[in-house]
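Below is one structure, written out as structure tokens, with a few remarks after it.
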Amino acid sequence: MRKGAFHFILGLFCCVACKPEYSNHCNPKENALKERVNFKVGVAVDHDLLGFDLAYEELVQSQFNSLSPENAMKASYIHPASDQFDWYLADRLVNFAENHGMRFHGHTLIWHQQLPEWIENFAGDREQWRALLEQHIKTIVNRYKGRVAAWDVVNEAFVEDGSLRNSIWYQHLGASYIRLAFEYAHEADPDALLFYNDYNLAQNPLKRKAVIRYLEEMKLAGVPIDGIGCQFHINIHFPEVSDLNKCMEEVCQAGFKLHISELDIALNPFSRSMPQPKEADLKRQADRYLAVFKAFDRQPNLLKYGITMWGLSDADSWIPSYFNREDYPLLFDGNYQAKAAYCKLIESL
Amino acid sequence: MTRFSILILLCMACFGLKAQVGISYYPFQSEVGINSNVDKLLWGDLRLASNTFYGNITTETNVMWNVKRYQKVSVYTGLGANFNFFNAAGDLPITNGYAAFAGCRFRFSKAWPGLQLAFELSPYFNTSFSGGTLRSSLGLAYQF
């Protein structure tokens, strides 16, 4: 018995030790990430590249079947003046998605950042702020009714201690702006799925529980909310995979559709000098990507809305410019060559 | 560090094969455990994450050393490794990370001398020691 158990454990380790190392010899022209999984895989696109950079465009349409606008639908772009909506950029992206049979995910209707100056300086009373919110949401959702499958209705309304952010919307409308936003979006397009979207939901259980509890109560009160977008801007060091699993499970257990809405896995969260990514870090990044995809795939089919990469290549990721550091968080390098993470997904999914 | 993981696993196997066992449950962590005789100087402990998909079940194997043993309380420290054996089938590393332990067990019932309250602090690190968490656990245990 003792000998048997010893051999079993030894055998198990030999199996693991003999597994082949990952390879990075895979060609995106001969593979498609979207065909490896039974859920939608999306990408947030840069409107300055889509339509202007052929290689970018080809990679987007060959690898993904869902599209999110990284910026084009944020208020500062789409609603630059109180009496003016600028549809040019958003129209281009929605048309691209339709022409290539891709799902379009609208991002985002209500956020406290990237607001146009006229909203930041708006001096109305509570009723005028409510009317502004209603007009902003209904005009945008109406325009794309039937063409946008789902919307991130409210983005990042909570802070890290689980309380509501004192945003410009909160200051003028109180907590009711969240409920109103979902109701207006639903009135404008009853068929669109409506999501709440936020960051650090895996890293911070306090915030996650507060968000889920708040949205559950809203849902019970009849507010039309379908899902939660967990952004998953994570890195190779933390959070633990078990925390990512927990986050996904808790969202689904609460009955919400799950969207990993802004996935990227940074290599350099401590902002060290990193002119080139290290091989070992790229391998860890690859393992993490695979772990996220596999954990997502274990969720109930009805609740799997999809995974969206927050950018296509390391060259167009938001991370290096936002944090002022060298980093390589996405599946493709700056020359649109597949990284180890892409290869791992193609080989192991 | 893989050698360390193997060592911990082998120690656990030795403890498990010849020991008088105990069980434990840590409700806040959703963990269930089985351990060898906690009254010995060295004892082994194996914990499984529960209330999760099978593919997410992690196994933590720990070797503990009783620093002080009193009639009602034992104070221990230890080292362990956290695995997900299902990862082996999924082309992922099976070792998730490593943990250190400082804990104590209180025998609080005269009528049930095997019943114990367990409290632990446990710094946990990923396999590269570049990130981790400070865990605390409170649970009930029974030594047969």
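The values are calculated or read from the model by the stated rules, or taken from the named source; none is laboratory data. This structure is a prediction, so every number in the text was calculated from the model and none was measured. Quick reminder, even Gly has a Cβ in these numbers, built from the backbone with ideal geometry, and neighbours come from all protein chains shown.
Structural remarks
- When B:Asn62, B:Asn84, B:Asn35, B:Asn51 are screened for being buried (at least 22 other Cβ atoms within 10 Å of the Cβ) and within 11 Å of chain A (Cβ to nearest Cβ), only B:Asn84 passes.
- Scanning the stretch B:22-55 for residues that are among the hydroxyl-bearing types (Ser, Thr, Tyr), in contact (Cβ under 8 Å) with a residue 24 or more places away in the chain and farther than 27 Å from A:Cys252 by Cα returns a single hit, B:Ser24.
- Test: residue in the stretch B:104-127 that is touching a residue at least 60 places away in the same chain (Cβ under 8 Å), within 14 Å of chain A (Cβ to nearest Cβ), crowded, with 19+ Cβ neighbours inside 10 Å and among the aromatic types (Phe, Trp, Tyr): no
- Selection within the stretch A:275-299 - within 21 Å of A:Asp198 (Cα to Cα) and not polar (S, T, N, Q): A:Arg288, A:Tyr289, A:Ala291, A:Val292, A:Phe293, A:Ala295, A:Phe296, A:Asp297
- Any hit, the stretch A:67-84, residues being touching a residue at least 12 places away in the same chain (Cβ under 8 Å), out of contact with any helix residue (DSSP H, G or I) (no Cβ under 6 Å at 6 or more places or on another chain), closer than 13 Å to A:Arg147 by Cα and hydroxyl-bearing (Ser, Thr, Tyr): yes
- Any chance A:Leu290 is part of a helix (DSSP H, G or I) and buried (at least 23 other Cβ atoms within 10 Å of the Cβ): no
- On inspection, B:Leu134 does not qualify as aliphatic (A, V, I, L, M), assigned to a strand (DSSP E or B) and more than 14 Å from chain A (Cβ to nearest Cβ).
Quick grid of which residues meet (1) under 19 Å from the mean Cα position of the chain (by Cα); (2) part of a strand (DSSP E or B):
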{"residue": "A:Phe39", "(1), (2)": "yes, no"}
{"residue": "A:Val43", "(1), (2)": "yes, yes"}
{"residue": "A:Gly51", "(1), (2)": "no, no"}
{"residue": "A:Val60", "(1), (2)": "yes, no"}
{"residue": "A:Ser76", "(1), (2)": "no, no"}
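- Tally, over the stretch A:164-191, of residues that are surrounded by fewer than 16 Cβ atoms within 10 Å (Cβ to Cβ) and more than 13 Å from A:Leu215 (Cα to Cα): 7
- Neighbours by Cβ (under 8 Å, 6+ apart or cross-chain): first from the stretch A:21-36, within 14 Å of chain B (Cβ to nearest Cβ) and more than 24 Å from A:Ala280 (Cβ to Cβ); second assigned to a loop (DSSP other than H, G, I, E, B) and at pLDDT 90 or above: A:Arg36/A:Leu349
- Filtered residue count, the stretch B:128-144, keeping only those that are surrounded by fewer than 17 Cβ atoms within 10 Å (Cβ to Cβ) and touching a residue at least 40 places away in the same chain (Cβ under 8 Å): 5
- Inter-residue pairs, beta-carbon under 6 Å, first more than 14 Å from chain B (Cβ to nearest Cβ) and without any contact (Cβ under 8 Å) to a residue 40 or more places away in the chain and in the stretch A:220-243, second buried (at least 22 other Cβ atoms within 10 Å of the Cβ) and outside any strand (DSSP E or B), 6+ apart: A:Ile228/A:Val251; A:Ile228/A:Phe256; A:Cys230/A:Leu201; A:Cys230/A:Cys247
- Evaluating A:Ile212 against the criteria (1) in a helix (DSSP H, G or I); (2) away from chain B (no Cβ under 14 Å); (3) touching a residue at least 60 places away in the same chain (Cβ under 8 Å); (4) not aromatic (Phe, Trp, Tyr) leaves one unmet condition, (3).
- Of all residues in the stretch B:38-48 being away from chain A (no Cβ under 14 Å) and outside any loop (DSSP other than H, G, I, E, B), the one that is surrounded by the most Cβ atoms within 10 Å (Cβ to Cβ): B:Asp45
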